[in-house]
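These notes concern the structure reproduced below.
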Protein chains: 2
Amino acid sequence: MFDIRQATRDDLPAIVGLLADDDLGSAREDTGTPLNPGYLTAFEAIARDPNQLLVVADDHGAVVGCLQITFIPGLSRKGAWRGQIESVRVASQRRSAGIGRVLIEWAIAKCRDRGCGSAQLTSDKSRARAHAFYARLGFVASHEGMKLKL
Amino acid sequence: MFDIRQATRDDLPAIVGLLADDDLGSAREDTGTPLNPGYLTAFEAIARDPNQLLVVADDHGAVVGCLQITFIPGLSRKGAWRGQIESVRVASQRRSAGIGRVLIEWAIAKCRDRGCGSAQLTSDKSRARAHAFYARLGFVASHEGMKLKL
C-alpha cells in the first residue's frame, strides 16, 4: 500500500509529471528541467497558506498520485466551510487499482475533520469515467462548472 | 449607479438577506435576529484570509448585490492561480438591471489584477438563466460541478 502525506518541494518534479501524464494535461504543463520556476512559486504559495493542502500518494518513495484541497470559508449555508478538491491525478501505469478512491476518501475525511459542510470538485465534461468514479463516492453532478481563461 | 466595495461586518445582515432571497437559498439560510453566529465566524475567517475577497454592490447605502472571490494557488498550468467566484447574488427587486454583469466584470478584472490564469464558478443546473448570463460574459460550461454534502 501507499502513504498519503503532505507534498514537499522535492516532490515537485514528480507531481508535475503526474499533471502532464494526462490527455488534457500533456499540452499545458512543462516537464523540462530545470523545473519551470512557475511551479516552485506556486508550491511556495500553497505551502504558506493554511487553507491549502497538497498531498501525494507515496508508494515506498514513488509518487503515484496527488491532489490538492482548498478549504474555503463562506457565508452561504449559515457560514459553512467547503472543501474543494483539485488536481487529482494517479500515475497512468497505476490506474484502476484503487489509488484514486483511497485519495478521494482521504480528502473527504480531511474535509470533515476541518468542519466543512460539503466537498466539491469540477471535472472536465470529457472525463466520463471520472464522473462515474466520483458518483460512486457520493458526489452529485448538480452544477455546471464554468471557466473563463484570462 | 452603485459602488463595489469590500464587505464589512455591518453588511452581514444585508448579505444574509441576499443569500436567502433566492429560490435555492431560502431554505438553507437563517435570517433571524440576532444574527446566527455562524455567519459572524465565517465573516471573520474570510476577512483575515488574504486570498478571500467578499464585496458588496452598495447603492447609496443599500446593499443590492454581493459576491466572493477565492484566489487559489495551484500547480496545474505551470503554477497558474485561479480566481473562483462564489455566492453571487443580486437583490430580487433589482435584477435584470445590469448589476450582476457589473459585479462579474469587476470580479474578472480583479482576477486579472491578481495574475490569475482563469476565473471559474459553479452554478446549480436548475439556474438556466444564470448559465446563459455567464456564457454571455465568456464563461464556458466545460466542466461538471460535483458536490458532496458532509
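The values are calculated or read from the model by the stated rules, or taken from the named source; none is laboratory data. Being a predicted model, the structure only gives us computed values, none of them experimental. We place every Cβ from the backbone using ideal geometry, glycine too, and count neighbours over all the protein chains shown.
Picking from B:A62, B:A80, which residue would you name as being under 30 Å from A:S26 (Cα atoms) and of a type in the set (G, A, S)?
Result: B:A80 is the single residue among B:A62, B:A80 that is under 30 Å from A:S26 (Cα atoms) and of a type in the set (G, A, S).
Of all the residues that make up the stretch A:124-143, how many are of a type outside the set (G, A, S) and assigned to a loop (DSSP other than H, G, I, E, B)?
Of the stretch A:124-143, the ones of a type outside the set (G, A, S) are A:124-125, A:127, A:129, A:131, A:133-134, A:136-137, A:139-140, A:143.
Subset that is assigned to a loop (DSSP other than H, G, I, E, B): A:125, A:127, A:137, A:139.
Number of matching residues: 4.
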Which condition does B:A47 not pass, out of (1) more than 13 Å from the chain's Cα centre (by Cα); (2) more than 26 Å from A:G115 (Cβ to Cβ); (3) not aromatic (F, W, Y), if it passes all the others?
(2)
May I ask you to list the residues in the stretch A:14-42 that are in a loop (DSSP other than H, G, I, E, B) and hydroxyl-bearing (S, T, Y)?
A:S26, A:T31, A:T33
Taking the stretch A:29-58 and keeping residues among the small types (G, A, S) and facing chain B (nearest Cβ under 7 Å) leaves A:G38, A:A42, A:A45
Of all residues being in contact (Cβ under 8 Å) with a residue 24 or more places away in the chain and of a type outside the set (A, V, I, L, M) in the stretch B:106-118, which is surrounded by the fewest Cβ atoms within 10 Å (Cβ to Cβ)? Just the residue, please.
B:G115
Being at pLDDT 95 or above and of a type in the set (A, V, I, L, M), is that true of even one residue in the stretch A:1-11?
yes
Checking the structure you have, find out if any residue of the stretch A:95-106 is within 12 Å of chain B (Cβ to nearest Cβ), more than 27 Å from B:E29 (Cβ to Cβ), out of contact with any Asp or Glu (no Cβ under 7 Å at 6 or more places or on another chain) and modelled with pLDDT of 95 or more.
yes
Taking the stretch B:43-59 and keeping residues touching an Asp or Glu at 6+ places or on another chain (Cβ under 9 Å) and either at positive phi or assigned to a strand (DSSP E or B) (or both) leaves B:L54, B:V56, B:A57, B:D58, B:D59
Mind counting the residues in the stretch B:59-94 that are charged (D, E, K, R), more than 9 Å from every other protein chain (Cβ to nearest Cβ) and over 22 Å from A:G74 (Cβ atoms)?
2
Members of the stretch A:116-144 found to be charged (D, E, K, R) and more than 7 Å from chain B (Cβ to nearest Cβ), listed by number:
A:R127, A:R129, A:R136
Collect the residues in the stretch B:1-11 that are surrounded by fewer than 20 Cβ atoms within 10 Å (Cβ to Cβ) and in contact with a Leu (Cβ under 6 Å, 6 or more places away or on another chain), keeping them in residue-number order.
none
Among the listed residues B:L121, B:L103, B:L67, identify the single one that is of a type outside the set (F, W, Y), in contact (Cβ under 8 Å) with a residue 12 or more places away in the chain, in a helix (DSSP H, G or I) and crowded, with 22+ Cβ neighbours inside 10 Å.
B:L103
